[in-house]
Structures are given as structure tokens and as C-alpha cells.
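Here is the structure we will look at.
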Amino acid sequence: MFDSHNPEINIDELMQKIREEVAKRPGYSQPLATKNNAHIGDITGLTSKIGYIESLLINAESRAYARTKWPDKLNRFPFNLSSKLQKFILKLINFFFKDQREVNFNLILALKASVTVNGQLIEQINTLKTQINERLSTVDSHFQGIDQRLSTVDTHFQGIDQRLSTVDTHFQGIDQRLSTVDTHFQGIDQRLSTVDTHFQGIDQRLSTVDTHFQGIDQRLSTVDSHFQDIDQYLDVMDLRLQGIDDSLNTINGSVNNSITDIEEKLNNFKTYIQGMDERHIRNDNYLKNDLIQQKRIIALFLEEARRRLPEPFNQQQVQTFINEEQHLLDAFYVAFEDQFRGSREQIGNRLKVYLPLIEEAKIGTPNSPILDVGCGRGEWLELLRESGYTAKGIDINRVMQEQCQARKLDVLESDVITYLQSLPDDSLGAVTGFHIIEHLEFPVLIKLLEEVVRVLKPEGIAIFETPNPKNLVVGACNFYSDPTHRNPVFPETIQFCLSFKGLSNVQLMYLNPVEDSPFDKPDIASLTLKNWFFGSRDYAVIGYKK
């Protein structure tokens, strides 16, 4: 029927007209490939182009569906066909382009997926740009920190220059003092010359007396020769001779007293010169120790700088320099101890009170050694060695450590907590510490006691000595003479801490009372005032491990 009533339809011509009609509609554009691709890298341009592609895909999708309506433009002559013919043509077209529609739908779905992927890529690119900007900001901050640290290093070098200038000034002062000592010695030489002149005068006077006695002897021999027969004159002469003997004895006594006084003055002067020499030697040692510390720090810095050049210092190397700062006052604290702590002999005599405790505990053998934490100048270690005990010490002060090693004492440089943590359980017979716990913060003190209890053997002993704050003069005044002290430790408090951490039979021993107290009366008021102001200056807390 179609063939007999309708003229032949050219499908290609019809599709070409449909494409032309579609091309004339508004919103239709050339494919994206014909556009200028110069700005593909612009993210904002890509976003707008993706939106444009999506609009094209929507338009294409709407046109990809099968047609169910005859286009109004084709109703015009000569395309004015009957409705049945129109439906037949539409079905025929839909039948011929069925595969094409399926291809179009697949392409549209692929393009949609591509658009979605491109959107995700754009979001990731934006995220990467944000991260890059943040990383660049972090790098800028890091370089600013490096600049600040370099500025700090420059300031530290300036401080070193100032300290070296101070050392030069101090040496100039030493030269001036030595010049003064030379002048003083010249004065001493002049005084000794005067003493020699005085002795020469005494010798001349003694020679004159001898000459006078010779004349007397001559006169007496003349008298003897002329008055041998006259007994009365002999008695008179005996009396005169006795008077002369008394005079001679008086003269000899005066001469002996003068010589004794001169010898005493010379001995006093010799003692004064020896004390001056000891002070100069001690001050010289302090200066040498301080210069050795400065030299060690400067050498460390130069070595690290030589190793790193031309790169900047890293955090670990800067921390190495910071750790060295804690040794800047080592020499100062040694001089401070010599001035305020007392001599080695005095401290050694005070520490002898603990030897019976060591002997009673039967420790100090190679199997149960003694560890002295914060051993300082090593008086306790030296006393233990003389008593035949095995002992070791640790201290963070390098100058004191070198002094102990010079005395052949077993001393290491280490932090007390770090060293105790390196020891196995039940490995020590005793842990002692004299005037160390008042230097520690309370959490560090508790950690120290925990490690002491861990490393002590059963029946081992812990001894800690510290200033007694119950003596008001010590607790309110003398305690703060040491600028490294933190706070006094109340006796019953540290006794409780040792018991709480596991030690048993914890005792307090009060030591070194003030002598010549004005409150020695037996009444309660005098005893109270004596304990408050003239009581024990130190105390020890002693505990045992079960």
C-alpha cells in the first residue's frame, strides 16, 4: 500500500534535512574539539566547559529517544502526508536507526561518565593546589624558624665573645694582683733586711758587752793580784760579781725573748704566705677548669659546624649545644663547694658516722657494691675505699668528676635516673646520696626512690642526707645560700616517702648540731629555742629493703 499510494522517499535526503534543521536551532554549537584549546590548563575554564558539555549531552539525550511525533515542519507541502503514512515512516525510521540510538545512548553514557571523572579530577586538582599552597606556607614557616635559630646562634657567639673578653679582663686583674704580690715581696725583703741590720746591731752590742767583760776580767785579775790578802775586799767583789751575773742573765733573757718573738713573727708570716699560695693555686684551678669547659664547648661547636657546612644545623645538633649549656657552671659550682661546703677533711670526718651502718649491713663487696649518687668531690667514696669497701659514684659535674678520677676513684658522668634505669633488679647493696634530694623536683625525687627500691638487694640500705629545715636558721636562711637548691625537704615527709615506696624500718638521724648554744639550760623554753636556732643542721633518712 505504501508503494502504490506514496512517492518514493529518500531516507538520506530526509536525514540530511533533519540535521540541517537541528543545526539551525538555537543552543547548538560546534564540537568542543573545534574550540581553542589554549586554556585547557585553566581550572575555571575547564569547569565552565564541562558544564557546556553536560548541556550538550542533555540535548543529545533528548534527541536520541525514538520519535513518536511527526515534525510540524514536515506537514507543509510537498510533505503533507496522511497520519498513517507519518506513523509508518516514523516506525520505519525508528527501525532503521535502532542500532544508532543504542550507540548514541552508550556514547552519551560514556561521555557522562567522562564528565563525572573530569569533575572529580578537577576537585582533586583543586585539593592538590590547596595542599601545595599549605606545604609552601609550611616551608616558609620552616625557613623563618631556621632564620630565628641562626639569629639565636649569632647571639650565642656574641655571648661567647663577651665571656672571652671577661676572661681577658680577669687575667689582666690576675696580672695586677701578681704585680701587687711582687711589690709585697719587695716590702718583705726590705723588712728582712731591716731585721738583719737589727741582728747586726745586737751582735755589735754583744761584742761590746764581751769587751766590757774582758775589761772586768782584767780588773778582777788586778784586784785579785793586789787584794789577795784582803778578805773583805774579796767579799765585796763577790757581791759585785753576783750583781754582774744577774745583769748578764737579764741581758741573755732579753736577747732570747727577742729571738723568740722574731721567730714567731717569721712563722706567722710563712703561714700567711702559704695560705696566699694555696688561694692563688685554688683560684688558678678554678680558672683552668672554667677555660677547659669553654674550650670543650667551642670545640664541639666548631666540629659540628665543620661537619655540617655548608648546610644549616639540624635539630639534633642544636640540642647537643643546648645540652652543653648545663656544664657552663661546673667550675663555678666547684669553687662554690670549696667556699661554703667545707674542706675535704671536715666532710670526711662528718661522713664517718655512716660507716657503722655499712658494716652492720654487711655490704660493699663486689657482689653488693655501693653506689653514691651526686658524689661531688668524692669524700664518701674515698672514705669507703680506705675502709675496704667496693663503691662507685656518678655526678653530672665534669670538673668534680675529673677531680675524683685524678684521685683514682671510680666515678662516671651520668644523670642519676638514667643510670639507675640501666641497672638490673637487686644489683646493689646500698644507694647513698649526700645533699642531693634538695636539688630535685618532687616527681623526680619519687622516681629516684622507685628506682632505688628496684635496684637494691634484699637487706640493702638507702641513705640520703639533706639540710634540716627544723633548724629555723638553716631552713629560712642558710639553705638558700646554694642557688641550685629547690626547696627544703621536711624530715617526716621524706621518711613517709621511703616507707610508701617499699622500704622498711625507715629512721631519721639528726646530725651536726650548732656548738656553743646560749640556750643550754634544762628548762623547756631553753630547749625549744636551742632546737629551733641551734639544733642539728643536717639530718639523714635511712631505710632497708626487705
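The values are calculated or read from the model by the stated rules, or taken from the named source; none is laboratory data. For clarity, every value in this text was computed on a predicted model and none was experimentally measured. Methodologically, a virtual Cβ is constructed for each residue, glycine included, from the backbone with ideal geometry; neighbour enumeration extends over all protein chains shown.
Answer with yes or no whether Glu123 is part of a helix (DSSP H, G or I), modelled with pLDDT of 80 or more and closer than 30 Å to Ala60 by Cα. Yes, satisfied. For Glu438, the conditions (1) closer than 18 Å to Gly376 by Cβ; (2) out of contact with any Pro (no Cβ under 7 Å at 6 or more places or on another chain); (3) at pLDDT 95 or above are fulfilled apart from (2). The combined condition, being outside any loop (DSSP other than H, G, I, E, B) and either crowded, with 17+ Cβ neighbours inside 10 Å or touching a His at 6+ places or on another chain (Cβ under 7 Å) (or both), is not fulfilled by Leu412. Residues of the range 440-453 that are in contact (Cβ under 8 Å) with a residue 12 or more places away in the chain and either assigned to a helix (DSSP H, G or I) or loosely packed, with under 14 Cβ neighbours inside 10 Å (or both): Glu441, Val444, Leu445, Ile446, Lys447, Leu448, Leu449, Glu450, Glu451, Val452, Val453. The residues of the range 489-531 that are touching a strand residue (DSSP E or B) at 6+ places or on another chain (Cβ under 6 Å) and either of a type in the set (Ser, Thr, Tyr) or assigned to a loop (DSSP other than H, G, I, E, B) (or both), listed by number, are Val489, Ser499, Leu503, Ser504, Tyr510. Taking only the range 418-439 into account, find how many residues are buried (at least 20 other Cβ atoms within 10 Å of the Cβ) and assigned to a loop (DSSP other than H, G, I, E, B). Residues that pass the stated criteria total 1.
Pairing residues of the range 138-162 that are assigned to a helix (DSSP H, G or I) with residues that are exposed (fewer than 12 other Cβ atoms within 10 Å of the Cβ), at Cβ distances under 8 Å and at least 6 apart in sequence or on separate chains, gives no pairs at all. Looking across the range 448-496, the residues that are hydrophobic (A, V, I, L, M, F, W, C) and closer than 23 Å to Ile394 by Cα come down to Leu448, Leu449, Val452, Val453, Val455, Leu456, Ile461, Ala462, Ile463, Phe464, Val489, Ile494.
Could you count how many residues in the range 369-389 are touching a residue at least 60 places away in the same chain (Cβ under 8 Å) and more than 18 Å from Arg344 (Cα to Cα)? It would help to see each step written out before you state the result.
So in the range 369-389, the residues touching a residue at least 60 places away in the same chain (Cβ under 8 Å) come out as 369-374.
Applying the additional criterion that residues be more than 18 Å from Arg344 (Cα to Cα) yields 369-371.
Of the residues in the range 369-389, 3 are touching a residue at least 60 places away in the same chain (Cβ under 8 Å) and more than 18 Å from Arg344 (Cα to Cα).
Pick from the range 365-394 the residues that are crowded, with 19+ Cβ neighbours inside 10 Å and at positive phi: which of them is modelled with the lowest pLDDT? Filtering the range 365-394 for residues that are crowded, with 19+ Cβ neighbours inside 10 Å and at positive phi, the one modelled with the lowest pLDDT comes out as Gly376. Set side by side, the residues Gly429, Gly342 differ, and just one is in contact with a strand residue (DSSP E or B) (Cβ under 6 Å, 6 or more places away or on another chain) and not β-branched (Val, Ile, Thr), which is Gly429.
Residues that are part of a helix (DSSP H, G or I), touching a residue at least 40 places away in the same chain (Cβ under 8 Å) and of a type outside the set (Phe, Trp, Tyr) do occur in the range 390-399. Taking the criterion of being surrounded by fewer than 18 Cβ atoms within 10 Å (Cβ to Cβ), assigned to a helix (DSSP H, G or I) and in contact (Cβ under 8 Å) with a residue 40 or more places away in the chain, the residues of the range 454-488 that qualify are Leu472, Val473, Asn478, Ser481.
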